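Visitor: Let me begin by handing over the structure; questions about it come next.
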Amino acid sequence: METRKLYMTGGSTYVVSLPKKWVKKSGLSKGDSVVVIEQEGSIIIEPGVVERGPKKISIDVTDVPSIDALERLIIAYYLVGFDTIEIKLNGEDNLDYKKGIRKILKFLIGVEIVEDIGNSMTMEILLDHKRMPTVEVLKRMHIINKSMLTDLVRAFDEGNLDLARDVIYREREIDRLYFLVVRQLKSAARYQEVSDKLGITHQRDSLGFRIVVKSFERIADHLEGILANYIKLAEIEKKPDMGEFSRLATRVLGVYDDAVSAMFNQDQKLLDRVFIEDKEIDKEHARLSNQLFESKKDVQSSLIEKKILDSIERISGYSTDIAEIAINMSVEVP
């Protein structure tokens with residue numbers, strides 16, 4: 001941290017010097033303009049033109065220990081904001097590496113392979129911040145999660161395994177949107193200009209949205225797990241009775257929908273209802289858990305049902321996390 005003195009020039013204008021190291025790193029020189037942004041009691045100074053062109057990174061697979069490690073590295077570079085990712089292959093196991101690269105692209109929005117020439121692959125990330133504002137992407141994630149939870153209840157009530165499989169498939173879209181939002185938020189944290197394009201009006205909202213998008217992703221994971229376990233249970237018991245699980249999931253759906261609606265609309269009454277209902281769901285979860293332990297079902301069925309029950313309860317927990325973020329984002333900053 002550096003401190004800089006204020007000077008007055010012309011009797012009415014205050015002047016402060018900028019660190020030479022920052023000026024050089026930003027590619028600025030005498031006569032260039034900078035952007036000055038006032039935000040929540042602070043001033044942010046940015047280069048006049050934030051986006052000077054695509055940011056490129058090159059990965060040499062000889063420096064990467066495995067295909068899994070390469071996949072993680074590609075995701076990391078995607079998230080931090082690179083626009084071009086070049087992968088240099090080593091001539092050995094090229095097909096396996098290429099399969100891994102193409103597999104990971106299924107989870108990343110806006111990525112295209114623009115060059116594939118033997119020992120080299122190049123990916124371009126083609127995203128327009130203005131066309132995909134962060135709040136709109138979050139709303140899309142909410143709609144998908146809500147539809148998954150709604151259809152989970154239907155699958156339980158109807159014994160519909162095909163519907164259960166369809167819900168599991170939808171979880172992939174949540175993963176894709178999750179990576180997109182994390183990439184957006186990382187860029188918004190660095191550049192106010194990007195934040196404005198994404199519709200993020202306050203920096204503190206970026207932190208709140210980061211927690212919310214993770215909650216959305218975890219809820220989708222639990223929904224996937226619930227339906228996968230339900231399919232396993234149906235293989236053991238041809239028509240398992242999911243009545244009480246369905247009723248509990250319906251209550252959780254209400255809590256989840258109220259929490260997200262309260263966040264987007266800053267509705268305090270809805271937030272209060274979320275916390276009250278979550279406590280009741282906890283009680284019902286405890287009752288059904290005890291009922292499972294006291295039942296005479298075979299151990300395998302009981303264990304699967306307990307996993308389903310715990311995941312339903314965790315979705316309610318993530319919903320209260322969203323509600324807490326909604327409160328933090330709605331209060332005034334001192």
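Visitor: Please indicate, with yes or no, whether at least one residue in the range 233-250 is β-branched (V, I, T), within 28 Å of K297 (Cβ to Cβ) and in a helix (DSSP H, G or I).
Guide: Checked against the condition, which is being β-branched (V, I, T), within 28 Å of K297 (Cβ to Cβ) and in a helix (DSSP H, G or I), the range 233-250 yields at least one hit.
Visitor: So which of Y169, Y256 is closer than 22 Å to D310 by Cα, without any contact (Cβ under 8 Å) to a residue 24 or more places away in the chain and either assigned by TED's automatic domain parsing to the domain that holds M148 or in a helix (DSSP H, G or I) (or both)?
Guide: Of Y169, Y256, the one residue that is closer than 22 Å to D310 by Cα, without any contact (Cβ under 8 Å) to a residue 24 or more places away in the chain and either assigned by TED's automatic domain parsing to the domain that holds M148 or in a helix (DSSP H, G or I) (or both) is Y169.
Visitor: So I276 ticks every box in (1) assigned to a helix (DSSP H, G or I); (2) under 23 Å from the mean Cα position of the chain (by Cα); (3) aliphatic (A, V, I, L, M) but one. Which box is left unticked?
Guide: Of (1) assigned to a helix (DSSP H, G or I); (2) under 23 Å from the mean Cα position of the chain (by Cα); (3) aliphatic (A, V, I, L, M), only one is false for I276: (2).
Visitor: In addition: So if I check each of L248, L270, which one is more than 18 Å from M141 (Cβ to Cβ), crowded, with 18+ Cβ neighbours inside 10 Å and either at pLDDT 90 or above or among the basic types (K, R) (or both)?
Guide: Result: L248 is the single residue among L248, L270 that is more than 18 Å from M141 (Cβ to Cβ), crowded, with 18+ Cβ neighbours inside 10 Å and either at pLDDT 90 or above or among the basic types (K, R) (or both).
Visitor: Of the conditions (1) without any contact (Cβ under 8 Å) to a residue 60 or more places away in the chain; (2) buried (at least 21 other Cβ atoms within 10 Å of the Cβ); (3) closer than 21 Å to R172 by Cα, D221 fails just one. Which one is it?
Guide: Unmet for D221, out of (1) without any contact (Cβ under 8 Å) to a residue 60 or more places away in the chain; (2) buried (at least 21 other Cβ atoms within 10 Å of the Cβ); (3) closer than 21 Å to R172 by Cα: (2).
Visitor: Find the residue count for the range 78-129, including only residues that are hydrophobic (A, V, I, L, M, F, W, C), in contact (Cβ under 8 Å) with a residue 60 or more places away in the chain and outside any loop (DSSP other than H, G, I, E, B).
Guide: So the answer is 2.
Visitor: While we're on this one: If we scan the range 187-205, do we find a residue that is closer than 21 Å to N328 by Cβ and among the acidic types (D, E)?
Guide: Looking through the range 187-205, at least one residue is closer than 21 Å to N328 by Cβ and among the acidic types (D, E).
Visitor: Here's another thing I want to ask about it. Out of curiosity, is E284 touching a Leu at 6+ places or on another chain (Cβ under 7 Å), touching a residue at least 12 places away in the same chain (Cβ under 8 Å), surrounded by fewer than 17 Cβ atoms within 10 Å (Cβ to Cβ) and among the charged types (D, E, K, R)?
Guide: No: the conditions fail for E284.
Visitor: Only one residue in D267, D272 is touching a helix residue (DSSP H, G or I) at 6+ places or on another chain (Cβ under 7 Å), within 30 Å of R204 (Cα to Cα) and assigned by TED's automatic domain parsing to the domain that holds L207. Which one?
Guide: That would be D267, the only listed residue that is touching a helix residue (DSSP H, G or I) at 6+ places or on another chain (Cβ under 7 Å), within 30 Å of R204 (Cα to Cα) and assigned by TED's automatic domain parsing to the domain that holds L207.
Visitor: Given the conditions (1) over 18 Å from S215 (Cα atoms); (2) part of a helix (DSSP H, G or I), and given that S311 satisfies all but one, which numbered condition is not satisfied?
Guide: Condition not satisfied by S311: (1).
Visitor: Here is a check on your reading of the model: is I57 in contact (Cβ under 8 Å) with a residue 40 or more places away in the chain and within 20 Å of S187 (Cα to Cα)?
Guide: Judged against the criteria, I57 is not a match.
Visitor: I would also like to ask the following. In the same structural domain as L309 (by TED's automatic domain parsing) and not in a helix (DSSP H, G or I): which single residue out of G225, G199, G208 fits that description?
Guide: Result: G199 is the single residue among G225, G199, G208 that is in the same structural domain as L309 (by TED's automatic domain parsing) and not in a helix (DSSP H, G or I).
Visitor: Sticking with this structure for a sec: Where residues in the range 195-207 are touching a residue at least 60 places away in the same chain (Cβ under 8 Å) and crowded, with 20+ Cβ neighbours inside 10 Å, which of them is farthest from M132 (Cα to Cα)?
Guide: D205
Visitor: Report, by residue number, each residue of the range 292-308 that is in contact (Cβ under 8 Å) with a residue 12 or more places away in the chain and part of a helix (DSSP H, G or I).
Guide: L292, Q300, S301, I304, E305, K306, K307, I308
Visitor: Can I ask one more? Check off (1) touching a Gly at 6+ places or on another chain (Cβ under 9 Å); (2) closer than 27 Å to V194 by Cβ for D68 and give me the number that stays unchecked.
Guide: Single failed check for D68: (2).
Visitor: Looking at this structure, is I322 under 24 Å from V135 (Cα atoms), out of contact with any Leu (no Cβ under 7 Å at 6 or more places or on another chain) and touching a residue at least 60 places away in the same chain (Cβ under 8 Å)?
Guide: Yes, satisfied.
The values are calculated or read from the model by the stated rules, or taken from the named source; none is laboratory data. From a predicted model like this one, the values you see are computed outputs, not experimental measurements. Note that we place each Cβ from the backbone using ideal geometry, even for glycine, and neighbour counts take in every protein chain shown.
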